[in-house]
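Please treat every number below as a calculation from the coordinates, not as lab data. Computed from a prediction, not measured in an experiment: that's the story for all the values here. Neighbour counts are summed over all protein chains in view; Cβ atoms, including those assigned to glycine, are modelled from backbone coordinates with ideal geometry.
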Amino acid sequence: MNLLIAFLLTVLLMSGVWLWQRRSGRADWVDAFWAGSIGALAVFYAVFGDGAVEKRVLVALVAGTWSFRLTRHLAVRLAGHEQEDGRYQAMREHWGERAQFWLFVFFMGQALIAWLFSLPAWVVANDPSPAMNVWVILGVVVWFVSLAGESLADRQLSAFRRDPANRGKVCQVGLWRYSRHPNYFFEWLHWFSYPLIAMGAPFQWLAWLGPVLMLLFLYRVTGIPYTEKQSLKSRGDAYREYQRTTSAFIPWPPKD
């Protein structure tokens with residue numbers, strides 16, 4: 001029942017965001033609401049779940065901090081731009097007069113995806129074992145490393161972009177020297193926290209949806225393909241050289 005309620009709440013939220021974008025013309029804010037909804041669902045599962053209190057508190061902490069950091073990061077970035085993100089402008093142009101209908105379909109898809117990504121938190125929140133064993137500790141370590149790595153990558157990129165001297169250049173400082181998308185890598189790493197914390201729990205296999213789905217989305221849907229395309233368009237040969245020398249995903253020493 002909690003899963004059904006969670007899904008309906010997410011659909012209601014995304015419907016409200018869709019109505020809001022009709023007036024504001026800013027469909028790109030769905031990204032921030034998407035990230036926030038996953039954390040909100042995790043807290044919902046933690047409050048109403050049937051698992052051990054220890055696991056429910058832990059999943060609220062792990063998912064809640066990840067969601068808050070990402071939502072805040074996206075909201076600050078979106079608030080700093082007066083115009084809608086180019087990806088959503090391209091959607092409107094492509095769909096033409098039926099743009100609002102297809103945007104609604106897209107927003108409902110976002111609701112479904114957010115619900116699917118919340119399932120690992122549901123598994124942890126319903127784990128009856130209060131044990132804080134080596135798997136749980138490892139899961140917390142992965143969560144901490146991923147959160148720190150993603151935060152550092154975002155700060156390094158923001159600092160690079162704020163410097164007028166770097167306009168038109170490719171960011172290759174800090175973590176960006178070893179991966180073209182370190183923020184995506186640590187985002188993906190974060191999702192391993194849940195199957196580790198839920199090791200041995202009922203429906204534990206559902207917790208693996210997180211890393212599997214995130215890798216699929218980053219590599220094939222909205223992550224790396226779109227970002228690389230935009231970077232090649234704006235930075236040309238400089239980015240092609242960056243592609244040649246630098247790992248696309250997993251941080252690795254650059255080629256000569």
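Cα convex hull, the range 1-129: 88 Å³ per residue, rounded to a whole number.
Using the Kirkwood radius built from alpha carbon pairs, what does the Stokes-Einstein equation give as D for the range 2-65 at 25 °C and 0.890 mPa s, in µm² per second? Intermediate results must be reported in sequence, preceding the final value.
Numbers: Rh = 12.8 Å.
Translational D for this selection: 192 µm²/s.
Ordering THR246, THR10 by the number of other Cβ atoms within 10 Å of each residue's own Cβ, fewest first, gives THR246, THR10. Full extension of the chain segment joining GLU54 with TYR178 gains 40.9 nm, where the gain is 0.36 nm per residue of separation less the Cα-Cα distance. Taking 26 Å as the straight-line reach from the Cα of LYS233, the lysines in range (excluding those fewer than 8 positions away in the same chain) are LYS169, LYS255.
When a/c reaches 1.5 or more, the comparison of a/b and b/c decides; with that in mind, is the range 206-256 rounded, prolate or oblate per its Cα gyration tensor? Walk me through the numbers on the way to the answer.
Values: a/c = 5.50, a/b = 1.69, b/c = 3.26.
Verdict is oblate for the range 206-256.
At what distance in angstrom do the alpha carbon centres of the range 64-81 and the range 140-182 lie from each other? So the two Cα centres are separated by 15 Å. Per residue of the chain, the DSSP helices (runs of n ≥ 4 H) give a summed -39500 (n - 2.57) that works out to -23000 deg cm²/dmol at 222 nm.
Going by how many other beta carbons lie within 10 Å of each one, how would you line up TRP122, TRP29, TRP20, fewest first?
Working: TRP122 26, TRP29 19, TRP20 14.
Placing the least packed residue first, the sequence is TRP20, TRP29, TRP122.
The translational diffusion coefficient of the range 131-256, from Stokes-Einstein at 25 °C and 0.890 mPa s with a Kirkwood hydrodynamic radius over alpha carbon pairs, comes to 154 µm²/s.
By count of other Cβ within 10 Å, fewest leading, how are LYS169, LYS255 ordered? Write down the numbers at each step before the final one.
Values: LYS169 13, LYS255 8.
Exposure proxy ranking, most exposed first: LYS255, LYS169.
Measuring r between the beta carbons of ASP163 and TYR219 and using R0 = 25 Å, the FRET efficiency lands at 0.25. Taking label positions 7 Å along the Cα-Cβ direction at both ALA148 and MET132, the computed distance is 1.9 nm, reported to one decimal.
Restricting the calculation to Cα atoms, the chain yields a radius of gyration followed by a Dmax of 19.2, 56 Å.
Take the alpha carbon gyration tensor of the range 87-167, find the square roots of its eigenvalues, order them as a ≥ b ≥ c, and report rounded if a/c is under 1.5; if not, report prolate when a/b exceeds b/c, else oblate.
Values: a/c = 6.83, a/b = 1.31, b/c = 5.21.
It comes out oblate by the Cα gyration axes.
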